[in-house]
Amino acid sequence: MKLASNLSEQTATSRRRFLGVLAATGAGLFTAPGLLAGEKSLRSISTDDGEEALPTAPLVDSPPVLQCPTETDIAVVWAVGKPATGFVEWGTKKDQLDQVAYGEIFGQNPYNERFLQIRIRNLKPNTRYFYRTVTCSFDFVHTYAFKRGEPVYSDVFSFETPGAKKTTGTFSVINDTHNHQDTLKRLTERLALLGSDYTVWNGDLVDGFNNANTAVEAVLRPGNAAFATEKPMLFVPGNHDYRGVWARNTSLPLPAWEHPAPENRAFGRNFVVRTGPLALIGLDTGEDKPDIHPAWAGLARFEPYRTAQRDWLERALLSPAVATAPFVVAFCHIPLFSDDPKANGGDSLEGYAEFQRQAADLWGPLLSKHGVQSVITAHMHRFKYDPATSKRGWAQICGGGPNLDREVTVIHGKAEGKFMEIVVDSVSKGTELGRWKFPKRAI
Ligand SMILES: [Fe+2]
C-alpha cells in the first residue's frame, strides 16, 4: 500500500512536470489520454537491476519522438505501457491527414509491449508535413483470439524534411545526460526555447541499457518532456549506450538509419543530414577501451567498425548533401583530439579513453582535407574548446554534463549567409561559455 501511495504521488508530480514543460514552452501539442488520465495511471519504473511493470501503466507512455529524418522518410517512435499496435496518419495539410503509414514489416503491422516505431515514407525534401499517432491496445488471448482497443489519437504535429533549399540551418547538442531527470528537464526546456532544426544527442543517454523502461524514461520522455515531436532528434552513440543486458535492443527506441546504398547499410548509427547551407555528420566512436579489454569479455568489435567508418566518412564527405554544403559539422561522442600528450587514446588497458586515437588517426585527416569546420564531442563531462590549427583544420568543441551542480551545457549553431556561429551555454550557471564564428569552406 505504501508503494502504491508513493507511486501515486510520484506520478502526480511527474504529470505536473510534464504539463508544466508543455505550458512553459508553448509546445502543448501532445495529448496522451492514457498519460493524462485519472489518478490510477501509473508508470512502470526501472531499477539498475531490472524493471517492475505496474498494472495500470498508461497505454500511451511518451510523446512521439522523430528520428532518422531524410529527404524522403522519417521515423516516428513512441512508448506504450501495455501491448499495443499503432499507425501514423499524415499529410501536407493540418486538417487533411489523408495518408497512413502502417509500418508493416514483411506484411505484419507493429505489435509491441513497450515501443511503437513507424516510418513515414515517400516524402519530398524541404517540405512541411503534419502527422498524428494512433495507438490501440491489443491483447492476444491466444493465436486466434484477441481484443483490439479503441484508437487513441495524439494531437497533430508537424515537421519539415531536410534539404538544401533553405537559407538558414540550425542545430542544438546535448550529451552525457546519463538519465539524470533533473538535468533532462532543464535541457529540454532550453531545447524548446532554442527551436533548432535538429537536436543532436551526443551519447551517454544512460549509464547502461538494462531494461526497456530505462529507454522510455531516458530517451523517449526525458524530463517528462515532449522534446522531438516536431524537431527531430539525431542520436550519436556514446560508450555507455553500448552497455547493459538490454543494449542490443536499442533500435526499438533508437531506430537505425536506413541507408539505401548497399555499401552504407552496415552503418546504421552514422548519418548525414542537410539543413539549408549546413551538413551534419554523425560518427560512432564506440566503447572507450580496447576490444580486448576484460571488461567486454569478448563482446566488443569496435576497432574494425571504426576502421570501416573511415571509408563511410569519405563517401559521406563526397556525397552531394555534404559536398555542396558551405558549412559542415561532425559529431562523435569521444573526442578526436587532446592537447595532453599523455592523454589516454582508448588503446590502453588502464583507465578509459580521453580521446579516441584510432578514430582521430583515421577520420581526422579526412575531416581536415574536406574543410569540416568543427567536430563536436562529449564524454569528458567538461566543456573545452580547441581551436583549429595548421595541422588540424577543425575546431573541437566538447560539451559538459551531466550534473547540474557542475557543468551541463547546450551547444547550438546557426549557419546563415557567410558564417556559421556556434555557441556553448552553461545550463548550470545560466551563462555563455563561448561563441565562435566560422567562415564558409571552399566548395
Ligand atoms: Fe562517454
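Derivation of every value follows stated rules applied to the coordinates shown; laboratory data play no part. Remember, predicted model here, so these are calculated numbers, not experimental data. Neighbour counts are summed over all protein chains in view; Cβ atoms, including those assigned to glycine, are modelled from backbone coordinates with ideal geometry.
Rg/Rh for the chain (Cα atoms only, Rh after Kirkwood) is 0.96.
A crude spin-label estimate for the pair ASP73 and ASN122, with each label 7 Å from Cα along the Cβ direction, gives 1.3 nm.
With the charge dipole of the chain set up from +1 on Lys and Arg Cβ and -1 on Asp and Glu Cβ about the Cα centre, the Cα lying farthest toward the positive end among the listed residues ASN264, VAL329, VAL60 is that of VAL329.
If the chain between TYR153 and LEU366 were fully stretched, how many nm would it gain, using 0.36 nm times the residue separation less the Cα-Cα distance? Going from the current span to full extension adds 72.0 nm. Below 8 Å between Cα atoms, with a sequence gap of 6+, how large is the relative contact order for the chain in percent? Relative contact order of the chain: 13 percent. A Gaussian network model of the chain, with springs between Cα atoms under 10 Å, assigns the largest mean-square fluctuation among ALA321, ALA84, ALA343 to ALA343.
Rank these for me by crowding, ASP73, ASP347, ASP288, ASP405, going from fewest to most other beta carbons within 10 Å.
ASP405, ASP347, ASP73, ASP288
Rounded to the nearest 5, the antiparallel percentage of DSSP beta bridges internal to the chain is 75%.
Count the net charge of all other residues whose Cβ sits under 14 Å from the Cβ of PHE419, scoring Lys and Arg as +1 and Asp and Glu as -1.
Neighbour charge sum, excluding PHE419 itself: +4.
From the largest down, region 65-166 spans 52, 27, 21 angstrom on the principal axes of its Cα atoms.
The dipole here belongs to the chain: it is taken about the Cα centre, uses +1 on the Cβ of Lys and Arg and -1 on the Cβ of Asp and Glu, and is about 1140 debye. Taking 0.36 nm per residue of separation and subtracting the current Cα-Cα distance, fully stretching the chain between GLU416 and GLU432 would add 3.7 nm. With semi-axes defined as the square roots of five times the eigenvalues of the C-alpha gyration tensor, the equivalent ellipsoid of region 75-129 measures 23, 12, 10 Å, largest first.
In region 77-186, taking the dipole from charged Cβ atoms about the Cα centre, the farthest positive-side position among ASN126, TYR153, CYS136 is held by ASN126. Rounded to the nearest 0.05, the FRET efficiency derived from the C-beta distance between GLN99 and ALA295 at R0 = 56 Å is 0.75.
Comparing SER172, SER374, SER338 in a Gaussian network model of the chain (Cα springs below 10 Å), the most mobile by mean-square fluctuation is SER338. Calculated FRET efficiency, THR167 to PHE106, Cβ-Cβ distance, R0 = 41 Å: about 0.45 to the nearest 0.05. About the centre of its Cα atoms, region 130-194 shows a dipole size close to 200 debye [charges on the beta carbon of Lys, Arg (+1) and Asp, Glu (-1) only; nearest 20 debye]. Full extension of the segment from THR389 to ARG315, taken as 0.36 nm per residue of separation minus the current Cα-Cα distance, would add 24.2 nm. The simple Förster model, with R0 at 30 Å and r as the Cβ-Cβ distance, assigns THR143 and ASN249 a FRET efficiency of 0.75. Measuring nothing but how far apart in sequence close Cα pairs (under 8 Å, 6+ apart) lie, relative to its length, region 122-176 scores a relative contact order of 42 percent.
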